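Before any comments, here is the structure.
Quick note: the coordinates plus some simple rules give every number you see, no bench work behind them. Fair warning: this is a prediction, and the values are worked out from it, not measured in the lab. Backbone-built Cβ (ideal geometry, glycine too); neighbour counts: all protein chains shown.
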Amino acid sequence: MNTSCFLALTGGIGGAKLALGLSQLLSADDLALIVNTGDDFQHLGLHISPDIDTLVYTLAGLNNPETGWGRSDETWHFMQALGTLGGETWFSLGDRDLAMNVERSYRLRAGQTLSQVTAALATALGIRHTILPMSDDPVHTRVLTAQGPMDFQHYFVREKCAPAVTGFEFEGIDRARPHPDIEAWLTRPDLAGVFLCPSNPFVSVDPILSLPGLREQLRTCPAPIIAVSPVVGGAAIKGPTVKMMQELSLPNSASWVAEYYRDFLDGFILDTADQALRPEIENMGLTVEVKNTVMVSLEDRVQLARTCLEMAHKIKAVS
Ligand code: FO1
């Protein structure tokens, strides 16, 4: 029976929605999710992995749909007690989310790798799909701003994305080895597609693409590589993508994103709001589909995932 397997690259909130859609259509053996770890940071003596946890909670059906991060049905006794003790309360850790971060930190201190810990915790929450942190080596996204360089979480949470960005650095990226299973999946003969989920290109996707050798592996990958635009009608669905584009004097358009990934991309899924951009993106040599990419319901997530699979099949058929 000819199997087909797929890889998806994802960051936090927007990416996790598509990852959930893909997980509904593909069996655990046929889908692996590569997740950004550049947001990870040490806080209160804990190793916090926000994009990993957003993905794990989303696949487990435990995510908080309002915030996009952390867990649903949370309580906040830990944060209240921490505040009375004079602890740092700018980064909200719910009581159930705290358990995830304490257990991760404990296992890491015991010598397990981030991917071993992630696999164990995801399995404990009933997830069977493969979740691959992009690297087991530390990578820390730093945001360069007019007020100087800032750790990602300080920029994103403590400063609420207010500072104007001038650039990004991924501390440790040159020494970071891509998770070994990424190459294994990229060279599987039955790999039928690689999807870039609609996450922030600068701080969620670029850390993954910047891993030594990875972008080159994507360029030479025989399977179709398809991106879903993280920009719709010149706006981001959630988060600072468009604000960053404007501060970097970049066009806040889906076309710019297609061009940004063009060197390894085969296909691009554009929202119906941006269908006028279709000829421009097709002129880049990309196959374009115009669909609803705004995922509100579970059905939206599954439908967009189905579009990704169908597009991968269509590109493969004509290649
Ligand atoms: N984002 C916030 O805007 N405020 C928070 O207090 C916050 C707490 C938090 C706790 C655990 C976690 O896994 C994520 C959390 N996030 C919070 C999101 C985090 O900043 C992520 O990096 C973003 O989702 C961007 O990927």
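Over the chain, what is the relative contact order in percent, taking alpha-carbon pairs closer than 8 angstrom and at least six residues apart? In percent, rounded to a whole number, it is 20. Here segment 261-319 yields Rg over Rh of 0.98, to two decimals, using C-alpha coordinates and the Kirkwood radius.
May I ask you to derive the FRET efficiency for LYS314 and LEU250 from their Cβ-Cβ distance with R0 = 25 Å, giving the value to the nearest 0.05? Efficiency, rounded to the nearest 0.05: 0.25. A simple spin-label model places pseudo-atoms 7 Å from Cα toward Cβ; at ARG177 and ASP29 they are separated by 2.8 nm. When each of GLU247, GLU66 is scored by the number of other beta-carbon atoms lying within 10 Å, the sequence from fewest to most is GLU66, GLU247. Measuring between their Cα centroids, segment 164-220 and segment 249-319 lie 19 Å from each other. Centre-to-centre separation between the Cα atoms of segment 1-27 and those of segment 61-123: 24 Å. When the convex hull of its Cα atoms is viewed from all sides, the chain shows a mean projected area of 16.2 nm². Directionally averaged projected area (segment 165-319, Cα convex hull): 9.5 nm².
Span-like helix criteria (full DSSP H runs; alpha carbon extent of at least 18 Å along the helix axis; mean Kyte-Doolittle hydropathy of at least -0.5) are satisfied in the chain by 13-25, 298-318. Between their Cα atoms, which of LYS17/LYS316; LYS160/LYS291; LYS243/LYS316 are more than 28 Å away from each other? Over 28 Å apart, Cα to Cα: LYS160/LYS291; LYS243/LYS316.
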